[in-house]
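The values are calculated or read from the model by the stated rules, or taken from the named source; none is laboratory data. The shown structure was predicted, so the numbers you read here are calculated from the model rather than taken from an experiment. Note that we place each Cβ from the backbone using ideal geometry, even for glycine, and neighbour counts take in every protein chain shown.
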Amino acid sequence: MLRSVILAAARNKWVERRVETTPISRGLVRRFVAGTTTEDAVRTTQQLADDGLLISLDYLGEDTFNAAQAEHTKDEYLRLLSSLHAAKLTEAAEVSVKLTALGLLFDPEGAYVNAKEICDAAADAGTTVTVDMEDHTVTDSTLDIVNRLRVDHPKTGAVLQSYLRRTEADCKEFSGPGSRVRLCKGAYKEPESVAYQARLDVDRSYVRCINALMNGQGYPMLATHDPRLIEIGLDRAKWFDRSPDTYEFQMLFGIRPNEQKRLAADGHRVRVYVPYGDEWYGYLMRRLAERPANVGFFLKGVTGKN
Ligand SMILES: Cc1cc2nc3c(=O)[nH]c(=O)nc-3n(C[C@H](O)[C@H](O)[C@H](O)COP(=O)(O)OP(=O)(O)OC[C@H]3O[C@@H](n4cnc5c(N)ncnc54)[C@H](O)[C@@H]3O)c2cc1C
């Protein structure tokens with residue numbers, strides 16, 4: 001219920017204006033978002049890399065309605081990749097892109113062309129791209145584009161969401177040699193026809209998907225903050241006799257930072273997903289929806305009652 005309210009607020013312009021101008025937001029934003037500029041993103045990347053962590057950078061800009069906006073997003077990724085290269089950070093850092101931000105909803109071929117240009121630039125800079133997964137209406141078109149990108153850039157990462165009923169089969173299909181797959185639970189509100197609704201079913205599906213990916217020949221990237229699933233991931237890595245360089249854990253910037261460092265100190269590869277950019281509002285609201293414990297504190301700030 002609270003989750004639905006927050007997700008509705010994520011689309012409400014009045015709430016957005018209040019959130020963007022209230023001082024308490026700034027603290028929350030700093031916790032979950034690296035900043036608004038390319039320089040902020042590179043600075044945060046350097047700090048995380050110094051702590052022994054890997055990074056995937058996401059430029060926040062989801063509502064793209066025309067080619068000029070898609071071009072702007074692509075250009076920002078090219079600028080970011082060139083800055084990461086100049087700062088010698090491309091061994092530690094890759095980028096994550098959303099195809100809707102590159103035009104998927106109004107020009108799928110244009111989105112592919114934009115994504116290909118980003119993948120080319122990433123390869124020149126010595127790093128890779130992971131293509132984020134969005135809601136179920138674009139699962140097929142997103143995976144089709146990932147497959148096309150992999151022709152020239154086989155390390156392009158795909159993302160699969162355990163809440164979708166189809167995902168165990170997708171994991172088997174995407175577990176071939178060299179395939180990089182990020183496994184997450186899924187962040188969108190999806191209908192029962194395509195997605196498990198109960199947390200337990202989503203978690204069980206996640207475990208089946210870990211098994212499929214760890215048993216395959218690809219490179220699983222387990223994106224979760226869930227302590228039980230992290231334990232199961234560690235257990236399966238042992239069971240399937242995987243060395244630590246053949247899989248990784250991923251978590252979001254600002255969430256369980258001590259656990260990120262603990263896993264890295266234990267010799268595991270840990271990648272932090274770092275968003276930056278002006279369009280942080282929708283991202284912040286989705287993080288709040290996942291963790292209602294933060295909401296009371298946050299609402300007091302927005303309504304001025306603290
Ligand atoms: C690197 C990364 C990339 C992602 N990419 C995508 C994507 O492309 N597409 C997509 O749909 N979704 C993506 N997601 C979001 C994902 O689908 C989930 O919505 C999100 O990660 C929350 O699920 P969870 O697995 O962390 O478990 P949850 O069910 O949210 O949490 C499980 C448990 O984790 C612990 N926990 C969670 N948050 C906290 C916290 N703040 N502090 C302390 N403990 C906490 C608690 O014990 C909690 O009970 C991504 C997530 C990550 C980490």
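Values computed for the structure shown
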| read-out | value |
| --- | --- |
| Of the criteria (1) under 19 Å from Ala158 (Cβ atoms); (2) surrounded by fewer than 19 Cβ atoms within 10 Å (Cβ to Cβ); (3) without any contact (Cβ under 8 Å) to a residue 24 or more places away in the chain, which one Asp241 fails | (1) |
| Selection within the range 179-214 - within 28 Å of Asp152 (Cβ to Cβ) and assigned to a helix (DSSP H, G or I) | Cys209, Ala212, Leu213, Met214 |
| Test: Gln250 is farther than 22 Å from Tyr163 by Cβ, buried (at least 16 other Cβ atoms within 10 Å of the Cβ) and in contact with a strand residue (DSSP E or B) (Cβ under 6 Å, 6 or more places away or on another chain) | no |
| Any chance Asp40 is in the same structural domain as Leu149 (by TED's automatic domain parsing), assigned to a loop (DSSP other than H, G, I, E, B) and of a type outside the set (S, T, N, Q) | no |
| Sole residue being within 16 Å of the ligand (Cβ to nearest atom), under 26 Å from Glu190 (Cβ atoms), in a helix (DSSP H, G or I) and not small (Gly, Ala, Ser), chosen from Val138, Val159 | Val138 |
| Selection status of Gly254, under 25 Å from Ala92 (Cβ atoms), away from the ligand (no atom under 13 Å from the Cβ) and not in a helix (DSSP H, G or I) | no |
| Residue among Asp120, Asp170 that alone is part of a helix (DSSP H, G or I), away from the ligand (no atom under 14 Å from the Cβ) and without any contact (Cβ under 8 Å) to a residue 40 or more places away in the chain | Asp120 |
| Residue among Leu222, Leu234 that alone is part of a helix (DSSP H, G or I) and modelled with pLDDT of 95 or more | Leu234 |
| Among residues of the range 203-230, those that are of a type in the set (Val, Ile, Thr) and either closer than 12 Å to Glu168 by Cβ or away from the ligand (no atom under 12 Å from the Cβ) (or both), counted | 2 |
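Quick grid of which residues meet (1) over 23 Å from Leu263 (Cα atoms); (2) crowded, with 22+ Cβ neighbours inside 10 Å:
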{"residue": "Tyr163", "(1), (2)": "yes, yes"}
{"residue": "Cys171", "(1), (2)": "yes, yes"}
{"residue": "Ser175", "(1), (2)": "yes, no"}
{"residue": "Pro191", "(1), (2)": "yes, no"}
{"residue": "Tyr206", "(1), (2)": "no, yes"}
{"residue": "Leu213", "(1), (2)": "no, yes"}
